[in-house]
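Please read the structure below before turning to the comments.
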Amino acid sequence: MRTVTETYGDRGRTWLLELPTLLLDIARRNGLSLAPPFPNLTYNYVAPAIMADGTEAVLKVCVPNPEFNSEISALTHFNGVGSVSLLHADASSGLLLLERLIPGEPLTIMALGDDASDDKATSIACNVIRSLTRKLPPTSPFRTTADLAQGFLRLRSRFGGGVGPFPRDLVDLAERVWEELEATAQDAVLLHGDLHHDNIIYCQPRGAWLAIDPKGYIGDPGFETGALLRNLWRDRCEVAEPEKRLNRRLDKMSDELNIARSRIQQWGFCQAMLSVWWSYEDGDPDWASGLDIAAMISAC
């Protein structure tokens, strides 16, 4: 969980030191039996749990932060429709208790198959998007997608108004198109905000594919499709013609969601560029690999 200290500094180090005691206290107060954590943890501690009544659940614990609070709010508003169900939350302790999705298979596995399998995965993702789409709650605690564009402002600030190691044409285009997309949005809805294939999980007891880990943003419905395009990095290792796959996804999402293909393509490109900047900002040594995805989406 090195990312915890990189993100939160001394507060993160303190949290990691206190985590064993915190977990014991959480288990005692909530009547939980905890199993060893899931592998490959990053920002959060996530582990299977058994509740006092025998119900299987998942415990998620993190350093309390605004993004975590937004996740709680989004899960509350989704109310288990199209998403994992929220069983209990304590924002001050950074605690979520969630429905256990069994067998917990991510949509990524299907998307890494042949074209027909990827088409099926795209249709499933579109169905999840339709299930999640919500009108604005009366009192909205959520950030907007326009707020995310501040990432480009930070990029410019880092390099004195320039673009540093990033391709100027792609940065200029992403900034301009993002602004145009925000200005021409016809509606504003509650969005998951990071609906890539790993965040769509199959739940056998419900017979449904469900979203996990929502960010919770308010914005244009087309924004939701972006993660399904930029989440192509694994596919490039398995698919001979990634450009073809991108175009198939674009066509299918446009048809099934009744959103203009160009709008989906533009959101995917802009988000891909912003994701590259976030990787650079977070010190990821492999940040530049995302530029291939952004350029590929731009050319679709």
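The values are calculated or read from the model by the stated rules, or taken from the named source; none is laboratory data. All values derive from a computational prediction rather than experimental measurement. All Cβ positions, even for glycine, are placed from backbone atoms using ideal geometry, and neighbour counts span all protein chains on display.
Structural remarks
- Residue identified as over 19 Å from T145 (Cβ atoms) and either surrounded by fewer than 17 Cβ atoms within 10 Å (Cβ to Cβ) or of a type in the set (D, E) (or both) among D284, D194, D213: D284
- Elements of type helices (runs of 4 or more DSSP H) in the stretch 1-110, at least 3 residues being of a type in the set (A, V, I, L, M, F, W, C) and under 20 Å from the mean Cα position of the chain (by Cα): 66-78
- Residue match in the stretch 150-159 (condition: among the charged types (D, E, K, R), loosely packed, with under 15 Cβ neighbours inside 10 Å and either at pLDDT below 95 or within 24 Å of S262 (Cα to Cα) (or both)): no
- Scan the stretch 108-125 for residues that are at pLDDT 95 or above and surrounded by 20 or more Cβ atoms within 10 Å (Cβ to Cβ) and the total you get is 3.
- Contact annotation: residue pairs with Cβ atoms under 6 Å, 6 or more positions apart or on different chains, pairing a residue in the stretch 281-293 that is farther than 14 Å from L155 by Cβ with a partner that is surrounded by 13 or more Cβ atoms within 10 Å (Cβ to Cβ) and not charged (D, E, K, R), are I293/L232; I293/A272.
- Among the residues of the stretch 50-62, those identified as surrounded by fewer than 15 Cβ atoms within 10 Å (Cβ to Cβ) and closer than 18 Å to G104 by Cα are T55, E56.
- Cβ separations smaller than 7 Å between residues 6+ apart or across chains give the following pairs from the stretch 152-168 residues that are more than 18 Å from W178 (Cα to Cα) to residues that are among the basic types (K, R) and surrounded by 14 or more Cβ atoms within 10 Å (Cβ to Cβ): G164/R158.
- The stretch 6-49, subset of a type in the set (A, V, I, L, M, F, W, C) and touching a Lys or Arg at 6+ places or on another chain (Cβ under 9 Å), residue surrounded by the fewest Cβ atoms within 10 Å (Cβ to Cβ): A47
- Within the stretch 193-208, the set of residues being under 19 Å from E224 (Cα atoms) and either in a loop (DSSP other than H, G, I, E, B) or assigned by TED's automatic domain parsing to the domain that holds F68 (or both) comprises G193, D194, L195, H196.
- Those helices (runs of 4 or more DSSP H) of the stretch 209-276 in which 2 or more residues are without any contact (Cβ under 8 Å) to a residue 40 or more places away in the chain occupy 242-257.
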